[in-house]
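Chemist: The structure's right below; bear with me while I get my questions together.
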Amino acid sequence: MPRQIAMVIDLNKCIGCQTCTAACKSLWTDEAGQENMLWNNVETKPGPGYPKNWEEKGARSGWKDGAIQLGGLHEDEDYGNVSTLNHEEVYFKGTEQRLQRKEPLRSGANWDEDVSSGDFPNNYHFYMPRLCNHCTKPACLEACPVRAIYKREQDGIVLVDQDKCVGTRMCNQACPYDKVYFNHMVSKSQKCVFCFPRIEKGEAPACARQCPGRLRFVGYLDDLDGPIAKLVHKLKVALPLHAEYGTEPNVYYVPPLLPQTFDEEGRFSDRSRVPLEYLQGLFGAGVEPALATIAAEMARRKSGEPSELMDLLIAKDWKSLFKIKDVQLV
Amino acid sequence: MIYAGFRSCKWLHGDKLQRAWLLMCALTGNTGREGGGMQTTQLANSDGVVKFAFAGLGPRAKIAALSVWDYARGDGKQLNAKTYGDKTANHLDEHYRQAIGNGWLPDYGKTPWKMAFMAGHNTANWRASGTRFRETVLAKVDTIVTMTPDMSVTAMYSDYVLPVAHHYERQDFVMEGHTPFIQVLDRAVPPLGESEDDWQIMARLAKAISARAIARELEPVKDNIYGQPVAHDYRNLEQIFTLNGQIGSSRDIAQFLIDNSDGMPKISFEELARRGFVRGDDSEGTQFGKKSPFSYQTLASTQDKQPYATLTGRQQFLFRSRLVSEGREALPVYVAPLAIEGYPLRLTMGHARHGVHSIYRDDPFLLSLQRGEPDIHVNPGDARLRRVKDGDLVRTFNSLGSFVAMARVTAAIPSGSMFMFHGWDPMMFEGRQNFGAAIPTAALLKPTSLVSQYGHLNYNPLEYAPNQTYHDYTVDFERHDLKPSAPKSGDRSAAVARS
């Protein structure tokens, strides 16, 4: 019986600190050829994200009518990149240049950080971490002509076999989330491995374990006692991103609550700041009932009653975020 | 509990704001109880540091209020007059003269620095009016030595740069006021290149100074630390600094601090390194207790009924004294923040999400997660008015000076404001002018901070002494690729800044 490991990300707690991004980058993608790769990134929403305008390409990719669509490739500059600085010239050669990147950045992974929508003081934006969704129906796997991509039986992690990959970049075109990257140095596609060596030891992926906000839950979808099944299936507050792409992603998001707008006299009105339609565009029709559930549980907790959901989301004990080893099969 | 942090105190009238908060707590019955009151931080109250550095066991250090020193050496009155007009300048200067006349400012910059030894921070950058500080004060110092883990504008101003080992190349620990933990910083790799642990550098310098003092038969140098006469015997400096050879390494000093600080578990440094972090004693709740290794001051009065240092011995909200003669200081009432006339926008700054102050702000990876260079947040309407688009370079200016940064246009900034994460080193800006070129607040000395001998209003470094403020000014901005607009009429300083 194939199993599926999954992640839930609570967007209400993300402060956009990029610790997850740095944890991933230093563990997996700090070699030559991987400069533009962020297997994990955090982007400001609403916004074009990383790579730039990935959702536009996403709508042209993934599954449609039972077949794979190839949505094309991004320009290099859509990813931004890491560039060294002119430290040598400025500090040791006496030039009058300012200290700067050797290649100026014109767009990048976090270019639109804090670029808010709407008008102050009713503007709105939130941070959204993204990684490979380790989909149940991976478009990348389907698109690969040499069968270099496989999905593991024991945990559903999707991997690119680096020995078999010949660099056709079909997977890059098929993935609607743009979470497969191309390494120009070795001419192979590379992507998030869900830290499988850590999973095999019972440890959470680096992005989840390092998160100072404790907003990432990791466990198996079929473990009814685990946090994932509770948040996704039982309480139904965690939703897939762009389910319409058809790949059945296994990273789920607790949508952001909707703070009220201020009226002209500075009092709270009953209108929400983030338009509900925008969130539904990301997470589908489940947004409204999910937010209603969270509001109801917050009210319960406020009145002193116990709430399993609030206990889970507050995560006073970080260990409650993860249930990876010693899982009882149901 | 109002967690004030170090934000409100960056305004000239930040003390009034905090007095208002305390008054609000008192009026609403939120004082003296768990979760009530106001807090800036819980200072690590490591007795070991006091014993080593201040209490005569070790080298004895003196802390001066640098803003007062800067005022004297950098002609603060002239800066205030140029920026805010003669009335404000004369008012502050009058209080300053009075404080000196009364002997209330024990170290106010009578003598200029002959030599400056910079360690622990990017000194030439962090002061308000940093550009002016470099030009008026630092440029006159004969010799500047800087100990630093990374290059910076301070390093560029130095005659000698002593490279310091990075956090994970040395043995140390960290205590931060809002967490109850003592966290190890252990050596993961040896120091890079010629860099050395900073404690070792100081110890080696102490040894060399002792040797020179002995060779020169240098008699003890008389000094005064907070009213107490002391004599510094440089022939013994090495013995004093190493506590007669007891402390030979940074690991030893870490151990000394553990052994000599109340509330810290009495374990070896190796044990701390093995555990990674330990919890200080008595550190439950929003305010850590008397036996914790953090300051207990705020609870001493509310829990143990120890009188406050005020004239009344209670929380006191009214100052009735000619020392604070201006009526608007007697109670925490509103006064408008200072502004530079003719400039419509207020620039505020704050800690960056991507780093702490200027250290490692030039890290290539972290820069790739920003805009790759310094940027400034502007409101969309303000930007449209000035034909500025997101990503354009803009010149932010006022009568003191100007600097260039990339505009980040965002609705998160209200019209009439600009915001920039601070800490960008001047080296990363055109002409090496960062925001310090346009922040004219270095000489704003709050009269109530100069007062002494009025209850708790007493010169007390780190607690009650004049502070630097950073937000009391205004600016304007324009596209960098356009010809600079004509300076405001009668504004000589703007003309000078542009010429």
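Quick note: the coordinates plus some simple rules give every number you see, no bench work behind them. Here the structure is a predicted model, which is why all the values come from computation and not from measurement. Quick reminder, even Gly has a Cβ in these numbers, built from the backbone with ideal geometry, and neighbours come from all protein chains shown.
Chemist: Regarding the stretch A:91-230, what is the average projected area of its C-alpha convex hull, in nm²? Can you show the working numbers first?
Modeler: Numbers: hull surface 58.7 nm².
Answer in nm², one decimal: 14.7.
Chemist: Also, quick follow-up: Given just the C-alpha atoms of the stretch A:1-156, how large is their convex hull per residue in cubic angstrom?
Modeler: 187
Chemist: Considering only DSSP beta bridges with both partners in the stretch B:35-190, what is the antiparallel share in %, to the nearest 5? Please list the in-between numbers first.
Modeler: Values: 4 of 13 bridges.
In the stretch B:35-190, approximately 30 percent of DSSP beta bridges are antiparallel ones.
Chemist: List the extent of the Cα atoms of chain A along each of their three principal axes, largest first, rounded to whole Å.
Modeler: 64, 57, 40
Chemist: Please report the relative contact order for the stretch A:211-310, taking Cα pairs under 8 Å with a sequence separation of at least 6, and give it as a percent rounded to a whole number.
Modeler: Computed over the stretch A:211-310, the figure is 21 percent.
Chemist: Sticking with this structure for a sec: Please compute, for peptide B:410-420, the average count of beta-carbon atoms on other protein chains lying within 10 Å of each residue's beta-carbon. Mind dumping the intermediate values first?
Modeler: Working: counts 10, 12, 10, 4, 4, 2, 0, 1, 0, 1, 0.
Mean number of neighbouring Cβ atoms from other chains: 4.
Chemist: At a threshold of 8 angstrom on Cα-Cα distance, excluding pairs fewer than six apart, so keeping six or more, what relative contact order does the stretch A:145-275 reach in percent?
Modeler: 11
Chemist: Another question about this same structure. Enumerate the helices in chain B for which the Kyte-Doolittle hydropathy averages -0.5 or more and the C-alpha atoms extend at least 24 Å along the helix's axis, using complete DSSP H runs.
Modeler: Flagged H segments are B:198-215.
Chemist: In nm, to one decimal, how far is the B:Ala64 label point from the B:Gln303 one, both placed 7 Å along Cα→Cβ?
Modeler: Placing both labels 7 Å beyond Cα along the Cβ direction yields 3.8 nm.
Chemist: If you don't mind, there's one more thing I want to ask. Taking Rh as the Kirkwood radius computed over C-alpha pairs, what is the Stokes-Einstein D of the stretch B:187-252 at 4 °C in a medium of viscosity 1.567 mPa s, expressed in µm² per second? Mind dumping the intermediate values first?
Modeler: On the way: Rh = 13.6 Å.
Calculated translational D: 96 µm²/s.
Chemist: How big is the stretch B:38-172 by the Kirkwood estimate over distinct Cα pairs, in Å?
Modeler: The Cα-based Kirkwood calculation yields 17.6 Å.
Chemist: Determine the calculated [θ] at 222 nm for chain B from helices alone, applying -39500 (n - 2.57) to every DSSP H run no shorter than 4 residues and normalising by the residue count; nearest 500 deg cm²/dmol.
Modeler: Taking each H run of at least 4 residues, the total per residue is -7500 deg cm²/dmol.
Chemist: As a quick test, which of the pairs A:Lys191/A:Lys302; A:Lys179/A:Lys201; B:Lys110/B:Lys446; A:Lys25/B:Lys290 have an alpha carbon distance above 31 angstrom in this structure?
Modeler: A:Lys191/A:Lys302; A:Lys25/B:Lys290
Chemist: Continuing with this model, one more query. Against the globular-protein guess of 2.2 N^0.38 Å, express the Cα radius of gyration of chain B as a ratio, rounded to two decimals. Write out the running numbers ahead of the final one.
Modeler: On the way: Rg = 24.2 Å, N = 499, 2.2 N^0.38 = 23.3 Å.
Rg over 2.2 N^0.38 Å, computed on Cα atoms: 1.04.
Chemist: In square nanometres, what is one fourth of the surface area of the convex hull spanned by the alpha carbons of the stretch A:221-330?
Modeler: Approximately 9.0 nm², given one-decimal rounding.
Chemist: Counting each DSSP H run of 4 or more residues in chain A as -39500 (n - 2.57), what helix-only mean residue ellipticity at 222 nm follows after dividing by all residues, to the nearest 500 deg cm²/dmol?
Modeler: Computed ellipticity for chain A at 222 nm equals -5500 deg cm²/dmol.
Chemist: How high is the relative contact order of chain B, in percent, counting Cα pairs under 8 Å that sit 6 or more residues apart?
Modeler: Values: 878 pairs, mean separation 96.4, N = 499.
Over chain B, the number comes to 19 percent.
Chemist: How much of the DSSP beta bridge set in chain A is antiparallel, as a percent to the nearest 5?
Modeler: Antiparallel: roughly 80 percent of the beta bridges in chain A.
Chemist: Given +1 on the Cβ of Lys and Arg, -1 on the Cβ of Asp and Glu, and no further charges, what dipole in debye does the stretch B:286-407 carry about its Cα centre, rounded to the nearest 20? Provide the component values of the computation, followed by the final result.
Modeler: Working: 16 positive and 11 negative charges, 94 e Å.
Here the size comes out at about 460 debye.
Chemist: Quick one: putting +1 on the C-beta of Lys and Arg, -1 on the C-beta of Asp and Glu, what dipole do you get for the stretch B:93-206 around its Cα centre, in Debye to the nearest 20?
Modeler: 440
Chemist: Separate question: Need one number for the stretch B:330-380: average projected area of the convex hull over its C-alpha atoms, nm².
Modeler: Spelled out: convex hull of the Cα atoms, projected over all directions, averaged, 6.6 nm².
Chemist: I'd like to know which of B:Gly285, B:Phe269, B:Gln239 lies farthest towards the positive end of the charge dipole of the stretch B:237-285, counting +1 on Cβ of Lys and Arg and -1 on Cβ of Asp and Glu.
Modeler: Going by the charge dipole, the pick is B:Phe269.
Chemist: Hey, got the average number of other protein chain Cβ atoms within 10 angstrom for residues in A:96-105?
Modeler: Working: counts 3, 3, 12, 13, 9, 7, 1, 1, 4, 9.
That average works out to 6.
Chemist: State the dimensionless ratio Rg/Rh of the stretch B:289-448 (Rg: radius of gyration of Cα atoms; Rh: Kirkwood radius).
Modeler: 1.11
Chemist: Could I ask something else about it? Note down the nm distance, to one decimal, between modelled labels 7 Å out along Cα→Cβ at B:Gln239 and at A:Glu96.
Modeler: 5.5
Chemist: Nearest 5 percent is fine: what portion of the DSSP beta bridges confined to the protein assembly as shown is antiparallel?
Modeler: 65
Chemist: Mind listing the phi-derived Karplus ³J(HN,Hα) values for the stretch A:301-315, rounded to whole Hz, using 6.51, -1.76 and 1.60 with θ = phi - 60°, and x for any glycine or proline?
Modeler: Values per residue, Gly and Pro as x: 5, 4, 8, x, 7, x, 9, 4, 5, 5, 4, 5, 6, 5, 6 Hz.
Chemist: With point charges of +1 on the Cβ of Lys and Arg and -1 on the Cβ of Asp and Glu, referenced to the Cα centre of chain A, which listed residue (A:Ile314, A:Pro48, A:Asn81) lies farthest in the positive direction of the dipole?
Modeler: A:Ile314
Chemist: Right, something else. Take every Cα-Cα pair in the protein assembly as shown and report what % of them are more than 56 Å apart.
Modeler: Cα-Cα pairs of the protein assembly as shown separated by over 56 Å account for 14 percent.
Chemist: Ok, one more. With +1 assigned to the C-beta of every Lys and Arg and -1 to the C-beta of every Asp and Glu, and no other charges, what is the dipole magnitude of the stretch A:191-330 about the Cα centre in debye, to the nearest 20?
Modeler: Computed about the Cα centre, the dipole is about 540 debye.
Chemist: Mean 1/r over all different Cα pairs, inverted: what Kirkwood radius does the stretch B:11-99 give, in Å?
Modeler: Values: mean 1/r = 0.0584 Å⁻¹.
For the stretch B:11-99, the Kirkwood estimate is 17.1 Å.
Chemist: At B:Val333 and A:Arg271, where each label point lies 7 Å from the Cα along Cα→Cβ, what is the point-to-point distance in nanometres?
Modeler: Taking the two extended label points, one gets 3.9 nm.
Chemist: With unit charges on the beta carbons (Lys and Arg positive, Asp and Glu negative) and the dipole taken about the Cα centre of the stretch A:186-322, which residue among A:Cys192, A:Ile228, A:Pro289 sits farthest to the positive side?
Modeler: Of A:Cys192, A:Ile228, A:Pro289, it is A:Cys192.
Chemist: How large is ³J(HN,Hα) for each residue in the stretch B:156-168, as worked out from phi by the Karplus curve 6.51 cos²θ - 1.76 cosθ + 1.60 (θ = phi - 60°), to whole Hz, x for Gly and Pro?
Modeler: Values, residue by residue: 5, 7, 9, 7, 10, 10, 9, x, 9, 5, 6, 3, 9 Hz.
Chemist: In addition: Counting every Cα pair in the stretch B:113-236, what percent are over 21 Å apart?
Modeler: Here the long-distance tail beyond 21 Å is 58 percent of all Cα pairs in the stretch B:113-236.
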